[in-house]
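Structure first, commentary second.
The values are calculated or read from the model by the stated rules, or taken from the named source; none is laboratory data. Fair warning: this is a prediction, and the values are worked out from it, not measured in the lab. Neighbour counts run over all protein chains shown; Cβ positions are idealised from the backbone, glycine included.
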Amino acid sequence: MLAVSGVFERPVFSVNSRQFRWSDVAESVDWETLRRKAAVTGESVDDAAVEEAGKRWRYDRSLVAGEEMEAWLERWDLQVADWRAFVRRSAAGDAQPTGEAGEREIWAEAVCSGELERAARDLAAREAATEAAGGMDALHASACGEKELESLLASMRADWIRVDCRTLTLSSENAAREAALCVRDDGLPLAVVAEQAGAELAEHRLILGDTDKALSEALMSARTGELLGPLPVGERWVLILVEEKSDPTIDDLEIRQRLEQEAMRRALEREVVNRVRWHERV
């Protein structure tokens, strides 16, 4: 664990009478991964990209005003130079390490990436689960029984309807409209239209809750065999042929896994609210 910051001695949350400091949180942080990330210099990234990345970072964290940013840096024992170096590294994407990271760089990586706060939330959830049920496994058993999963499925059924479909992607709206007319008015199979257009059909299995709102609503109301579109996707246009729609069931392995994940998320959220007292905002 690093020893560069006085932050570690500050209390971050309590569960009943037990208080946890940032030093407790730090014990569960993957410092070796952070060390590798902090070893990227980002020298190849141009200044404009760094400036844009910095603006996005501050906007996402509501630190647009200068005084807000200064207070945040002081809170985490960071300098402006530490933050700027982090932003440059993050703008470099998946670049390989190009040097050795010092403790200041690693600390900035932990804080600015949000990893330290994520670790605090995870630790708080584990401690709340232990206080409530004796641990994660016990909480899972109580939250993910058949009755509980069936009830959750009933409340989220529409989000997890499965749609099997084929899509045809074309470069222009006019080309997509012409292709749609060939299917709807001329009765040509979409596969034939795709061949004539020199484009390939792609097969997809979608869960409605995973799609954006507009597409989800279109798929929800679509009938089996119906052609949707043209729909804009980025700079291209897509036709979607709905081949099959199926309601979610608890016997479907993927749906069951989703149910258990959602049930545990809700159970942990409830126990954290009821049992964790935060001393700092994370």
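Data overview
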quantity	calculated
Segment 175-187 residues that are in the same structural domain as Leu227 (by TED's automatic domain parsing), paired with ones that are assigned to a helix (DSSP H, G or I) and of a type outside the set (Phe, Trp, Tyr) (beta carbon under 7 Å, 6 or more apart)	Ala175/Ala197; Ala179/Val193; Ala179/Ala197; Cys182/Val193; Val183/Leu190; Val183/Val193
Qualifying position, being at pLDDT below 95, among the small types (Gly, Ala, Ser) and touching a Gly at 6+ places or on another chain (Cβ under 9 Å), among Ala133, Ala158	Ala158
Those residues of segment 84-120 which are in a helix (DSSP H, G or I), out of contact with any strand residue (DSSP E or B) (no Cβ under 7 Å at 6 or more places or on another chain) and of a type in the set (A, V, I, L, M, F, W, C), in sequence order	Ala85, Phe86, Val87, Ala91, Ile106, Trp107, Ala108, Ala110, Val111, Cys112, Leu116, Ala119
Among (1) at pLDDT below 95; (2) farther than 14 Å from Leu116 by Cα; (3) surrounded by 12 or more Cβ atoms within 10 Å (Cβ to Cβ); (4) among the acidic types (Asp, Glu), the one test that Glu68 misses	(1)
Ala263 in the same structural domain as Ala141 (by TED's automatic domain parsing), within 31 Å of the chain's Cα centre (by Cα) and touching a residue at least 24 places away in the same chain (Cβ under 8 Å)	yes
Condition met for Leu123 (surrounded by 19 or more Cβ atoms within 10 Å (Cβ to Cβ), within 30 Å of Gln19 (Cβ to Cβ), touching a strand residue (DSSP E or B) at 6+ places or on another chain (Cβ under 7 Å) and aliphatic (A, V, I, L, M))	yes
